[in-house]
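Working notes, structure below.
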Amino acid sequence: MVRVAGDWFDLRLARNSGAAFSLLTGATPVVVVIALVISVVLVRVVRRAEDARLAAALSLVLGGALGNLIDRMLRDPGPLRGEVVDFVRVGAWPLFNVADAAITTGALLVVVLGLRTRPAPGPASGPPGPSGPAG
């Protein structure tokens, strides 16, 4: 372990065969399939995104998913059984890596952008029309 900023931030090496926060530990093939499906969907969505901010946020998620997927494909103990390398600890958060940080940041940006986006006014939200026969 290398302390960078007291008890708040340090670096330590750990391998994770599961998904985020060590969920699905030991089910690496399942995690790989999920990551592949999510990556394909994200590529399609990013290519069609009209909002550059949304495309950037989704690209962070995609990049993180692909980074972790590459680890799982190329690292020991072998393809579809590989483990990602987690090495950052901040505060009380579980260990994570740069790919995890990209996924989390991108997902939070997608949520923020979704909350800030207002639907375009439609016929139902326009000013009320006349309430009776014209006369």
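The values are calculated or read from the model by the stated rules, or taken from the named source; none is laboratory data. Because the structure is a prediction, the values reported are computed rather than measured. Glycine gets a Cβ as well: all are built from the backbone with ideal geometry, and neighbour counts include every protein chain shown.
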**Request:** Only residues that are among the charged types (D, E, K, R) and surrounded by fewer than 16 Cβ atoms within 10 Å (Cβ to Cβ): list them for the stretch 76-102, please.
**Result:** Asp76, Arg81
**Prompt:** What do you reckon, is Ser17 within 30 Å of Arg3 (Cβ to Cβ), surrounded by 12 or more Cβ atoms within 10 Å (Cβ to Cβ), hydroxyl-bearing (Ser, Thr, Tyr) and at pLDDT 80 or above?
**Reply:** yes
**Request:** Considering every residue within the stretch 29-42, establish whether at least one is at pLDDT 85 or above and touching a strand residue (DSSP E or B) at 6+ places or on another chain (Cβ under 8 Å).
**Result:** no
**Asked** If Leu42 passes every condition in (1) surrounded by fewer than 14 Cβ atoms within 10 Å (Cβ to Cβ); (2) within 25 Å of Val112 (Cβ to Cβ) but one, which one does it miss?
**Response** (1)
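Yes or no, residue by residue, for (1) touching a Lys or Arg at 6+ places or on another chain (Cβ under 8 Å); (2) under 17 Å from Leu95 (Cβ atoms):
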residue	(1), (2)
Met1	yes, yes
Ala5	no, yes
Ala20	no, yes
Leu24	no, yes
Ala27	no, no
Val31	yes, yes
Val45	no, no
Ala56	no, no
Gly64	no, yes
**Prompt:** Is it true that Leu60 is at pLDDT 90 or above and of a type outside the set (Phe, Trp, Tyr)?
**Reply:** yes
